[in-house]
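The values are calculated or read from the model by the stated rules, or taken from the named source; none is laboratory data. None of these values were measured; they are calculated from a predicted model. All Cβ positions, glycine included, derive from the backbone under ideal geometry; neighbour counts span all protein chains shown.
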C-alpha cells in the first residue's frame with residue numbers, strides 16, 4: 001500500500017506555528033522523518049486565510065523540497081493556491097482534492113489538464129457529504145464523469161469515500177467500507193484512499209481505532225492512505241494485514257521489517273493519543 005504522510009498539515013498546532021513563524025528546521029525534520037518511515041508522498045497543507053494560503057503553501061513546498069526528494073500531495077481547496085504551488089514542485093504532484101462541488105470542478109479541472117496531475121476525488125457534492133453509500137457512489141460517478149471529460153483516466157484518480165468520525169456516527173466505518181467496495185466493483189482501475197485518522201476523532205487511544213479501520217479497509221480495497229507514518233503500531237498493523245491479505249509476496253516486506261527491528265518493542269504513545 002502507498003502512504004501519504006499526513007503530518008505537514010496546519011490542523012496540527014505545532015505545524016501551524018511553524019508555518020506562521022517560517023520555522024524551516026521543524027518542517028524539514030518532520031518531512032525527513034516521514035520519508036524515513038516509508039511515506040511515498042508528503043501531504044502539504046497550509047489551510048490559512050485565503051489571502052495567506054498561496055504564500056504559505058509555496059513556502060511549504062520550497063521548504064520541504066530542500067530536505068527530501070519525494071512527490072508532494074498538494075492539499076487545498078483553493079485553486080489559486082494550488083496553481084502557485086504547482087509551479088514550484090520538482091515532481092508532478094498529487095492534488096488533494098476535487099469533488100462534485102461545481103466551484104472545485106471549475107477551479108481544479110484546468111490545473112489537472114495543464115499539469116497532468118493525479119488527483120484525490122472526494123465523495124461529496126454541492127449538498128455536502130452524503131449520508132448513505134448509494135448517494136456517495138452517485139457523487140463519485142459525477143466527479144469521475146467530469147474527470148473523464150477532462151482527459152483524466154481512472155488509474156490517475158484516488159477516490160476518497162470520506163471517512164467521518166465514528167464517535168459522531170457509529171455507522172461511519174461501515175458506510176466508508178461499503179462505498180469502497182461499490183467503487184472498486186464499478187470502477188476497477190481507480191485507486192482508493194482515505195484520511196485514515198478521521199475515523200477515530202474524539203475517541204481515546206486513537207491508534208487502536210485507526211489500526212482496526214486500516215485492516216478492514218485494506219480488505220475492502222484500500223490501496224493508498226493519508227496517515228501518520230510515524231505511528232509505529234499503525235505501520236505494524238499495515239505490514240501484518242498485507243501479509244494476511246496476500247499483498248506481500250513471499251512476506252518480504254514483513255520479514256524485512258522484522259529484521260530491521262520495526263516489529264519489536266512495546267506499544268508506545270502516538271501523536272493521536
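Of the residues 235, 181, 247, the single one that is over 24 Å from residue 154 (Cα atoms) and either assigned to a helix (DSSP H, G or I) or in contact (Cβ under 8 Å) with a residue 40 or more places away in the chain (or both) is 235.
What about residue 207, is it in a helix (DSSP H, G or I), closer than 25 Å to residue 243 by Cα, in contact with a strand residue (DSSP E or B) (Cβ under 9 Å, 6 or more places away or on another chain) and in contact (Cβ under 8 Å) with a residue 12 or more places away in the chain?
no
For residue 28, the conditions (1) in a helix (DSSP H, G or I); (2) under 20 Å from residue 76 (Cβ atoms); (3) in contact with a helix residue (DSSP H, G or I) (Cβ under 7 Å, 6 or more places away or on another chain) are fulfilled apart from (2). From the list 135, 114, 155, 189, the one residue that fits, being touching a residue at least 24 places away in the same chain (Cβ under 8 Å), part of a helix (DSSP H, G or I) and surrounded by fewer than 21 Cβ atoms within 10 Å (Cβ to Cβ), is 155. Take residue 77 and tell me if it is within 17 Å of residue 47 (Cβ to Cβ) and assigned to a loop (DSSP other than H, G, I, E, B). In short, yes. Within the bounds of region 233-244, is there any residue that is surrounded by fewer than 18 Cβ atoms within 10 Å (Cβ to Cβ), modelled with pLDDT of 95 or more and under 27 Å from residue 97 (Cα atoms)? For region 233-244, residues surrounded by fewer than 18 Cβ atoms within 10 Å (Cβ to Cβ), modelled with pLDDT of 95 or more and under 27 Å from residue 97 (Cα atoms): absent.
For region 31-58, the tally of residues that are touching a residue at least 60 places away in the same chain (Cβ under 8 Å), out of contact with any strand residue (DSSP E or B) (no Cβ under 6 Å at 6 or more places or on another chain) and assigned to a helix (DSSP H, G or I) stands at 1. Considering region 39-57, and only residues there that are surrounded by fewer than 19 Cβ atoms within 10 Å (Cβ to Cβ) and modelled with pLDDT of 95 or more, the residue that is nearest to residue 13 (Cα to Cα) turns out to be 55.
Residue 273 satisfies every condition listed in (1) surrounded by fewer than 18 Cβ atoms within 10 Å (Cβ to Cβ); (2) assigned to a loop (DSSP other than H, G, I, E, B); (3) at pLDDT 95 or above; (4) in contact with a helix residue (DSSP H, G or I) (Cβ under 9 Å, 6 or more places away or on another chain) except (3). Applying the criterion of being in contact with a strand residue (DSSP E or B) (Cβ under 7 Å, 6 or more places away or on another chain) and in a loop (DSSP other than H, G, I, E, B) to the residues of region 1-25, the residue that is modelled with the highest pLDDT is 1. Here residue 107 clears all of (1) surrounded by fewer than 19 Cβ atoms within 10 Å (Cβ to Cβ); (2) in contact with a helix residue (DSSP H, G or I) (Cβ under 7 Å, 6 or more places away or on another chain); (3) closer than 21 Å to residue 199 by Cβ except the condition numbered (3). Within region 83-103, the set of residues being in contact with a helix residue (DSSP H, G or I) (Cβ under 8 Å, 6 or more places away or on another chain) and assigned to a helix (DSSP H, G or I) comprises 83, 84, 85, 86.
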